[in-house]
Structures are given as structure tokens and as C-alpha cells.
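Beneath this line is the structure, given in C-alpha cells, with notes to follow.
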Amino acid sequence: MIPRVMVIGGGIAGIQAALDVANSGYEVVLVERLPSIGGHMAQLSETFPTLDCSQCIMTPRTVEVGHHEQIKLMTYSEVESVAGEVGHFRVRVRRAPTYVDWDACTGCGTCQQKCPYKAESDFERGIGPRKAIYTLNPQAVPNKPVIDPDACKWLLTRAEREAEGKKPQCGACQKLCPTEAIRFDDAPAYFEEEVGAIILATGYDLMSPARLPEYGGGMVADVIDGLAFERLLASSGPTAGAVRRPSDGATPKEIVFVQCAGSRDPEHGAPYCSKICCMYTAKQAMLYKHRVHDGQAHIFYIDVRAGGKRYEEFITRGIEEGTDYLRGKVSKIYRDGEKVIVRGADTLNGKPVTLAADLVVLAMAVLPAPTRRRSPRAWASRWTPTASSSRSTTSCSRWRARGPACTWPAWRPGRRTSPKRWRRRAARRARC
Amino acid sequence: MNKSRIGVFVCHCGLNIAATVDVARVVEAVRDDPGVAYAAEYKYMCSDPGQNMIKDAVREHNLDGVVVAACSPAMHQVTFRKTVAGVGMNPYRMESANIREQVSWVHQDDPERATLKAIETVRTIVEKVRRNEPLEPIAIPVNRRALVIGGGVAGLTAALDIADAGYPVILVERADALGGKMRQLSGTYLNFDAAPDMLAKRVARVQQHPHIQVLTSAEVMALEGYVGNFTVRVSCRGTARRAQGEPADRSDTPLPPLTPKSLSHRGRGDLKSPLRVRSPSPLSGRGGQGDEGEESFTFDVGAVVVATGWDSYPMAALAEYGAGEIPDVIDYLAFERMLAPGEAIRRPSDGRTPREVVFVQCAGSRDPANGVPYCSKVCCMVVPKQAMLLAERVPGAQAYVFYTDIRSAGKNYDEYVQRAMSERHVLYLRGKVSRLFREGDRVMVWGEDTLSGQAVEIAADLVVLATPLLAAEGARELAQRLRISTDAHGFYNEAHPKLRPVETLTAGVFVAGAGQGPKDIPETVAEASGAAAKALQLFAQDHITQEPTVAVVDADLCAACGACVEACPYGARSIHPVWHVATVQAALCQGCGACVAACPNKACSVRNWTPEQILGMADLYV
Ligand SMILES: Cc1cc2nc3c(=O)[nH]c(=O)nc-3n(C[C@H](O)[C@H](O)[C@H](O)COP(=O)(O)OP(=O)(O)OC[C@H]3O[C@@H](n4cnc5c(N)ncnc54)[C@H](O)[C@@H]3O)c2cc1C
Ligand SMILES: Cc1cc2nc3c(=O)[nH]c(=O)nc-3n(C[C@H](O)[C@H](O)[C@H](O)COP(=O)(O)OP(=O)(O)OC[C@H]3O[C@@H](n4cnc5c(N)ncnc54)[C@H](O)[C@@H]3O)c2cc1C
Ligand code: SF4
Ligand code: SF4
Ligand code: SF4
Ligand code: SF4
Ligand code: SF4
């Protein structure tokens, strides 16, 4: 029996499990796939039902994990294989190359400031960019950056330039790092850990809005998912907490929230209820009202599932503060000029409703975390888009009409994609 | 005191501080201050080179105190205290001066004044450190035995989890048998497992467990002490009752004998501190005899899990649904009894088997005007369960459900409700019931289907009300005895609704189950295991350490007026009965300083936050 525990997933669940085990006197190995711990809670603005700031209540815990003598933190790592049995597991962990020597790095942030290349940030849910060398957020634990090999000029140009006998381009971070921590020849590292028990806390992911084309998901820039809206509300987010819609940065005066988007829908999405969205939508509508006083929030719902201590009271407060609840299903969402048109039916009076919104937030279904996050490059190496899907030769009328302002996501550079999605988008493009 | 040799280390924090505050100027300004023996700056004090720099300076310059001017003490004070402890300095001779959150980040537009403020901030902290005493953390021994209050599924689970880890548990149940409300349930969702069967295994394990002592017909009368060292007084009716030959038990679970087995058990072999059982204790026999043959026991425990569960809503309070007046309007707990295996489904008025059954959800819940404002959470799932069981047991029966929202949020819960609708043809009507009255042998239900906008009328044989779950009777009084708080409805307050859901603000007292708020069995069990894990975390330590920055009393000045006793929000103060001075229970004191302000004789101070220190610091500002 090895008195040592592995926790897989460093969201709030994994953090709490690790701390409880470690504080009981046992050693813990915490494995997190992203460069730093915190999971989705690090992305949230304020949290229901008490509206305390997510980052503020979580930071003491992430910091405690970072300092804890009994916790071995392995971020940017994933479990490759598990052998053995209860009491004695042998776990092989793969640590992705960070291209930064974390022992030498002090987390000064110079590299992030100076790196001239940007990429779309998964953490910011497409609302804002990040640099090619990045940490997820300023409070990251550990506060050490990693280099994205698909965005870093040095790494991208290395093969080509070295073949020509020249130095790769950029290298700004390497020149500027005060502790000479950049390691462009970093490689994956493998570790073997022996533990007696394993706690799985890998959390969730939201279904991609692109799975709901009838809601404009993935096509209309101003149709975003709940986590993207959290980033808009978060004071540490790309807009510093100002609610601005992605397409033109205008403050939306009318927002439509669509609950159960992809949930409770065996035909198009998941058959189950995602449990959290009723509450976070109510919260988001409320926070929006706190930020934009003359704004109006409408929520399409089927049932308001506020079963929980102080939850019902929270919903009541939202309604008192002016949130408009519409019981019904949305059938179609599309762009019309400046506005996003939401068509649906109010099932309480049986009449169709049409709302002209500035921004639409879809409370997308909650899915289990994907088993493996592939780097875009891994996809690229398996499947290369053909010439017809490259932007300059597109036959898409939308693209021709709008040029670079086109919000058609398949054409945005740097966006992570998969062959399946590419194909689906190509098909959609053919239709438009 | 003026001979202090303090080192000041000013951090740039990359550009976080240095972009606004002129760090070099801060260093120059404080270098020659009284008590300062050394001053330096570095880009990242918290990095390894930065910490090494502090260590080297302490050794080289023979420093006896350190001030690090950097980020908030919440961030890295622990780090730096460890650093100085590494070279033999008392960690309480180190303090952080916050020149990031409170200076550079908030005054980015005015670097000049920010620098001045940084200098002042550093000086005040230097002034404080000059008078900082070297302190040792307070070690509090832990009594590794748990008290679990409430023998429902929450209490049983918590008791088993703690006992299985090898620690003794005392389980106090107010009723005369274990099991709680689950004893009254029929099949449970999602798979219709019979609740009593599931429960019986747990109850049997608890009763046979060598580490668990069960006290039924017992109540906790008082709790004294503090985390790791509580003394409880339990008053017991059970034995007296049995002596009088009263039927002690409604269920088939026999009353466990009061054996001293687990109390003499010392838990895990490696326990260092033996369990202390105060006399009078169940070990040595009986406690004092109360008025009506009651006995009270006193014993010591280290942690308390409160799992007192829920109670049902009085039907009399639901007069608008005809409850109490129409015999065939019952609550769903009563219907649950009819659905139990071996029971017949008969309506109360004439014993006939009902065919048309109307369920009314939210009857009294979500209704601030007539009932309770909160949602009772379980009924949206209990009703489809009951409707399905009804359809199975009574062929041809039709169930109607009036609802506002269907709150089936949970893994496979929504699918379960869908099943009730599609497979068992339960008819869900969204709307409120407007009137219920008797017509012949039927109960007429008038309501509105808000989805079709039509009025509906159902001639029902039986009406089942999904009534609110209330906090257990007596929860408020118990909470007072345990020094924990309740919300407006009598449910126990958790320390933090998201991050500390099973802890309370009284260290060492945990909550689990429906006593904290309405919840179903899966959630209850998860919470109970969580509370048990928290208790075990406590037991895993030889000693709990506490910050030594607690209040102290100057006995020469103290007049024993008791002002501090009243002021202390944590109950840490008392007047010593013999010496007649105020005393501080260090383990309870949070160093808040309320007593210092309250004391008319200036007899109190908080260690390392003495009035001299604070005034000295204030002098530097004005
Ligand atoms: C828009 C939105 C708003 C919300 N608002 C609130 C709110 O206001 N209040 C509230 O209480 N809740 C809210 N929630 C719910 C809250 O986000 C979740 O309850 C919580 O984040 C769950 O934490 P977790 O640790 O289980 O999962 P996660 O936060 O998802 O963490 C899982 C972690 O595991 C890692 N991981 C995954 N797979 C692997 C692997 N194979 N190997 C290693 N690591 C892996 C992930 O990178 C991640 O860091 C909201 C959710 C959403 C979507
Ligand atoms: C009609 C109905 C049907 C239900 N069906 C289901 C179902 O199918 N599935 C499901 O998951 N959930 C169901 N539930 C919910 C379920 O009953 C609760 O989740 C569960 O009982 C909670 O357990 P508990 O241990 O917290 O509380 P309880 O079961 O109430 O146990 C609390 C115990 O503490 C004791 N106690 C109270 N005060 C004191 C005191 N001061 N001192 C000492 N002891 C005290 C009580 O006597 C009791 O034994 C149903 C609820 C109802 C109303
Ligand atoms: S510049 Fe160097 S030391 Fe600073 S954060 Fe980047 S890698 Fe770390
Ligand atoms: S080499 Fe250039 S592009 Fe790559 S991470 Fe460093 S600064 Fe950014
Ligand atoms: S919006 Fe509400 S009902 Fe819909 S899936 Fe989310 S939690 Fe369930
Ligand atoms: S659980 Fe359902 S029936 Fe019960 S109070 Fe809540 S919404 Fe009403
Ligand atoms: S400092 Fe606060 S907690 Fe401590 S004894 Fe005084 S009033 Fe009580």
C-alpha cells in the first residue's frame, strides 16, 4: 500500500481534493493538463448565489497548493497510462514541452509583454488574444509561461530557416529573458509515479456552439457561449469587465440568453440537463444589469432549475432586478444588419416571439472534459486543408462581400479545428 | 529595542512595483532609519535568488528582523517567514510591507506620491517589527474522537467513514431508532431501490462497528471547548424508557445496548494522546439522574458532525389546499408510506384504491406569502417516482402533476422524468391549482394549464401535496448550543456556500445532509463523506497549530469588569473564578482585537499588535 494519492485535474475539485488529502498528512501528486491550475473557476467572473468574485475566493487555494510541501504539482501534463491495482498504481505521466525552464524562470512576465506574436486564447474563449508565450492569467499557479509551438515564430520558422543555414526568426523572449530561461529545444518529458489511490477530477467542457448552426453558433460573431460571456464580465478579462460584443465592441443594450442550448435535446445535443446553466444564466443576466443599467436581458427557458440552498431566492432577485424570463423554445437565430434576430415561441401564450438583440448568449450543454486535447499542429499533420478552403481563393460570397471583417469562424486564422469540423464548415459554406 | 538590526528588502516585482514606485529611492530613504541595519532591492524577492539574498543578508549582517516590501502579506508572507526561519530567525520577526496591491497598483497615475507612500508604508512596518516579539505557534492537542449528531443517512455515513478510518465515534440520535427519514420512504429514485433495505445495511454496520457508540433517544444539551477539545453533555431518555417497559422502538431495529466497547477503544494504535473520558462517563457507569429518569453523560470529543436532517411541513398550514379538511388530501410523505412494500394504496376517507391521483408540486414551497420562499429541491424528483410506483401498483391509475418548473437537475434525473411522462403516461400540467373542494366522494381540482392557457378540472380520488422540507425541529436551539448559526429558515449555515460547504464558522463543527438545506440522498451521502473527511483531516494531526497573535491580559491592570467577555465574538474570554482576572482561551481567540477596544483599563493587547506598535506606526504617518 503506497500512502500517496494522485489527483487528475486541477480544477476546484482537484484542488480541494489535493488539499484535503495533503492536509491529512499524505503526499499528493496533482496532474493538470493546462499550464496552471484553477480549471473553469479561474474563468468565471462572480459566482452565484453570493456573487463573490471567483478568482478572489479561489486564489488562496491555488496559492496553498503551490506552496504545499505535500503536494507535487505537475502541470502541462497528462496521464499516459496506469498499471497496477488499488494500493499500488504505477502511473506514467507525460509533460508537454513548455520551452521554458521553469526552475530558472521567475515569472517576471517580460517575455509575455514583449512577444510580438499573438494567438487566439482558449482561456479567453475567443474574446481576446494571448501571446505565443503565455500564462493563462496573471494569478496563475505556477506563474510560469509556456510557448505555444503553433504560434511562436521561432519554432514555426526553425526547420525552414535552419535548412537555409540561418537563424530562426524572432527569439525576442530568449533575448529579453533576465534569467535565460527559454529552451527552444525542449522535448516532452515522461515520469513514472507510484500511488495508492487515484482521484479523477477532470471536470467539464462546454459543447461548442458550432454544433447548433440553427442558433447561429459558430457563424454569428455575436452569438457566444456562457463561458465567453463570463470572460466579458470578468474584471480580469480582455475587456476588464466591460460588456462589449465581439463583432464591433459596442455595448449591447439588449441581450438574449438561451437556456438548454444543446441540453435536454436528444436529437441535436445531449439528452440530459446540464444542471448549472439555469443558475449561471440568471447570474449573468443580473451581472449584465449591474454593468449596463439601461440594458435589458431576456432569458428563454423551459424550466428554471434553481433547486439548491438560496438558489430560488437568487432567481427571484434577478426577476425583481428586471430580468425578463420567457418560457419557450428558440427556433432560429440569425444576423440581420447590426442586430441578431432571435425567433422563438412563447409557450405560455402560444404566440411566436421575435427579438432583435445585440448579443446572444447560449447556455451550452456541459460535456465531460475531452480525453485528450490535441494541439492544432497534431491535427494539421493529419489533415491539411485543401486549396479550396484557403481564404484567398474562397468562393464564399459572404467572404467576398465582407472581406477580412467576415466573422465566419472557419476562416479566422489560428482557430483550433478538427477535420470533422472543417468538413462540416466546408459543407455549410457550400450552402451559403 | 532601538538596537534592532532589521533588514529591509524591496521588491520590483518585475515592473509591477518598479514601474510606479522608485524602488531605489525607497531603499535609500529607509537605509539610515533607526533600527534598520541593511536595505536592498531585487527584481523578484520571492524567487529562489531573492530568498537566498535574504538568507545571506541575515547571516552576514547579523539581522534580527526582516521587512520585505513587496506584494500583499496574503500572497507571500508565509514564503518569507519560512525563508527567515531557514536561517534561524523567529518567523514572527518578519513582516510584509504591501507596496504592490496597496501602492503601485492603485496609484499608477502618480508615481511620485506612490513612492512617498511606499516609503511611509515600509517605515511603519519597520516600526512594527522593532517591537515584534519572537513568538511560537500555539500547539493545540487533538482529541481524536468524533461526535455525530443525528442518525439519518447523513449521520450514519459520517460515523462509518470516521470509524472505518480507525477513530472512535459517538452517534447521538434523538429518536429511539437509527435511520432518520429514510425509514419512512418506499422505493427511491432512480432505480426504485427500497430505502429501508439500503438503510438496514448501514444501520447494522453502525451497530456492530467496534468504534461506534450509539446513543438513541438522546440529545446534545451542551457543548463547551474548542476545536480538538470539545466537551459535550448528552442527555438520554432511552434507558429510562425501556426500564418503564414502554415500547421503545417502532422499527425493527433493536435499541443498541449502551456498552462501553468503543469508548475504551483508543483508535489507531499509533495515537499518541490517549482518549480522555471525563467522569461521569458512559465508561464508568451513569451520569447524573435528571428529573424524569433522564441521564446525562459528559465526554470529550475533537470534532462534531451535525446531521439532524429535516422535518415535514405541518399539513394544517396548507389550508388553501384543503389540507386537514378534506381527508383525501395528503402529503407526499404519507403517500410514501402507502407505496412502501407490503403496504396497500388506499385513500384515507373510504379505503378505496385511488385511480385518479393529482400531485401538486411546490405546495407551500416557493411561496413567500403562504409557505416558505425556498425550493424544497427533492419533490420534483419524488413526485415522478411516486407517480411511476403508483402506475405500477395500480393498473389503470392515472397521475396528474401540477408543477411550476420541473427541477430535475441531476445526473440522469431529467431522463427519469421523461420516462415518467412517456412510459407511465404521467400527465404534467404546468400551472397552479386554484381551488380544491370535495364533490361527492371525489376531490375536485381546479387549475390552469398555463401552456395551453386553458382552465382544467380534474375529479381526483386522491390529492398528494409535495410539501416543503423544513429544518429539523429544535435545530435552532441545537445550533445555539453548538455556537453555529442558522439561516432564516433554521437550516445550518455553512462557512462558505461554495468553497466550505460542510464546515461551519466554529472550527471543528461540521454539517452534513438535509439539516444544511433540502437535499436528496445522493447529495446527503456525498456531504456526509465530505464532513467525515474534514474531521479525519483534523485527527490526522498530532496538534493543530494556531497563529500565536492572540490576545493577552495584563493581570495587574485587569479589574475583571467583564467588558471583554461581552465584546469577544468568539467566546474566547472568561473571568477566572479564582484569580478574578480575565483569561483568554488561546485556541478560540482569532486576534480580532475587539477586547482590546472594549477594555476600559487598557489591560488587553493582541500579541505583536500592541497599542504601542499601532500608535508607533500611526505616528509615522501623521
Ligand atoms: C458559464 C459558466 C458559469 C458558471 N458560473 C458558476 C457560478 O457562478 N457559481 C458556481 O458555483 N458554479 C458556476 N459554474 C460551474 C463551475 O464552473 C463548475 O462547477 C466548476 O468549475 C467545476 O470544477 P471542476 O474542478 O469539477 O472542473 P473544471 O473546472 O473543469 O476543472 C477540471 C480540470 O481538469 C483538467 N483536466 C481535464 N482533463 C484532464 C486530463 N485528462 N488530465 C489532466 N488534467 C485534466 C482541466 O484542464 C481542468 O483544469 C459555471 C459554469 C459555467 C460554464
Ligand atoms: C416524500 C419524500 C420522499 C423522498 N424520496 C427520496 C428518494 O426517493 N430518493 C432520495 O434520494 N431522496 C428522497 N427524499 C429525500 C431524503 O429523505 C433525504 O435526502 C434524507 O432523508 C436526508 O437525510 P438526513 O440524514 O440528512 O436527514 P434525516 O433522514 O432527517 O435524519 C436526521 C436524523 O437526525 C435526528 N435528529 C434530528 N434532530 C436531532 C437532535 N437535535 N439530536 C439528535 N438527533 C436529531 C432525526 O431524528 C433523524 O434520525 C425524499 C423525501 C421526501 C420528503
Ligand atoms: S522572461 Fe524569462 S523569467 Fe520572465 S517570465 Fe518569461 S521565461 Fe520567466
Ligand atoms: S520566440 Fe518570439 S514569438 Fe516565440 S515566444 Fe518568444 S517572443 Fe514569442
Ligand atoms: S438551462 Fe437549466 S434546465 Fe436547461 S440544461 Fe441547463 S440547468 Fe438544465
Ligand atoms: S423541487 Fe420542484 S416541487 Fe419541490 S419546491 Fe422545488 S420546484 Fe417545487
Ligand atoms: S482578540 Fe478578539 S477573539 Fe481574541 S479574545 Fe479578544 S475579542 Fe476575543
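Here is how the numbers come out for the structure above:
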read-out	value
Average beta carbon contacts from partner chains per residue of B:378-385, 10 Å cutoff	1
Antiparallel DSSP beta bridges within chain A, as percent of all bridges there, nearest 5	60
Average beta-carbon neighbours from other chains, 10 Å sphere, peptide B:402-412	6
Shape metrics for the stretch A:173-249, restricted to C-alpha atoms - Rg then Dmax, Å	20.4, 53
Residue of A:Glu162, A:Glu320, A:Glu46 that the Gaussian network model of chain A assigns the largest fluctuation, springs spanning Cα pairs under 10 Å	A:Glu162
Among beta bridges that DSSP assigns inside the protein assembly as shown, antiparallel share in %, nearest 5	55
P(r) histogram, all alpha-carbon pairs of the stretch A:25-77 included - 5 Å bins from 0, percent	5, 19, 23, 23, 15, 10, 5
Label-to-label distance, nm, for residues given as B:Arg435 and A:Ile319 (7 Å Cα→Cβ offset)	2.5
Rounded FRET efficiency, nearest 0.05, which uses the C-beta distance separating A:Thr50 from B:Asp48 and R0 of 41 Å	0.60
DSSP-defined beta bridges in chain B - what % are antiparallel, rounded to 5	50
Residue order for A:Leu348, B:Leu469 - accessible surface, 1.4 angstrom probe, largest first	A:Leu348, B:Leu469
B:Glu224 paired with B:Glu473, simple spin-label distance in nm, labels 7 Å along Cα-to-beta-carbon	3.0
Calculated log₁₀ intensity ratio I(q)/I(0) where the Debye formula runs over C-alpha points of the stretch A:208-364, q = 0.18 Å⁻¹	-1.11
The stretch B:333-371-the stretch B:1-63 distance, computed between alpha-carbon centres (Å)	74
Cross-link reach list, lysines versus A:Lys114, counting only Cα pairs under 23 Å and skipping chain neighbours closer than eight places	A:Lys131, A:Lys144, A:Lys153, A:Lys166, A:Lys167, A:Lys175, B:Lys43
Built amide H within the under 5 Å cut-off of B:Ala39, gap 5+	B:Val8
Distant-in-sequence amide H partners of A:Glu254 (H built 1.01 Å from N, under 5 Å)	A:Gln296, A:Asp358, A:Leu359
Two-site FRET efficiency, B:Leu505 against A:Lys351, from Cβ-Cβ distance with R₀ of 60 Å, rounded to 0.05	0.75
List B:Asp109, B:Asp449, A:Asp294, ordered by accessible area with a 1.4 Å probe, largest first	B:Asp109, A:Asp294, B:Asp449
Label-point separation in nm, A:Gln70 to B:Leu451, each point 7 Å along Cα→Cβ	5.2
Calculated diffusion of the protein assembly as shown, Stokes-Einstein form, Kirkwood radius summed over Cα pairs, 37 °C and 0.692 mPa s, µm²/s	100
Shielding score for A:131-137, defined as the mean number of other chain Cβ atoms within 10 Å	0
Rounded, prolate or oblate (a/c below 1.5 giving rounded, otherwise prolate when a/b exceeds b/c) for chain A by Cα gyration tensor	oblate
Whole-angstrom gap from the stretch A:141-188 to the stretch B:471-537, using each part's C-alpha centre	52
Reciprocal mean inverse distance between Cα atoms of chain B - Kirkwood radius, Å	28.8
Rounded to the nearest 20 debye, dipole of the stretch B:314-467 from Cβ charges on Lys, Arg, Asp, Glu	320
Candidate residues B:Tyr321, A:Tyr272: accessible-area rank, largest first, probe 1.4 Å	A:Tyr272, B:Tyr321
R0 of 51 Å, Cβ-Cβ distance B:Ala85-A:Glu162: FRET efficiency to nearest 0.05	0.55
Where only alpha carbons of the stretch B:550-606 are counted, the Rg and the Dmax (Å)	9.6, 27
Helix B:379-393 axis, angle to chain B major axis (alpha carbon atoms, nearest 10°)	30
Angle in degrees between helix B:413-422 and the longest Cα principal axis of chain B, rounded to the nearest 10	20
Under-5 Å amide H pairs with A:Val141, H placed in peptide plane, nonlocal only	A:Ile37
Cα-based Rg and Dmax for the stretch B:6-130, where Dmax is the largest Cα-Cα distance (Å)	12.9, 41
Debye log10 I(q)/I(0) for the stretch B:346-482, one point scatterer per Cα, at q = 0.09, 0.11, 0.19, 0.22 Å⁻¹	-0.30, -0.45, -1.15, -1.42
DSSP H segments from chain A that extend 24 Å or more along their own axis, Cα-based, with Kyte-Doolittle mean of -1.0 or above	none
Within straight-line cross-link reach of B:Lys519, lysines at Cα separation under 21 Å, skipping those fewer than 8 residues along the same chain	A:Lys275, A:Lys309, B:Lys181, B:Lys377, B:Lys385, B:Lys411, B:Lys498, B:Lys534
The stretch A:110-176: Rg to Rh, with Rh as the Kirkwood radius over Cα pairs	1.03
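The values are calculated or read from the model by the stated rules, or taken from the named source; none is laboratory data. Predicted model, so just to flag it, every value in this text is computed and none were measured. FYI the Cβ positions are ideal-geometry reconstructions off the backbone, even for glycines, and counts take in every protein chain you see. The accessibility values were calculated without ligands, DNA or RNA, using every heavy atom of the protein model including side chains. Shrake-Rupley method; radii C 1.70, N 1.55, O 1.52, S 1.80 Å.
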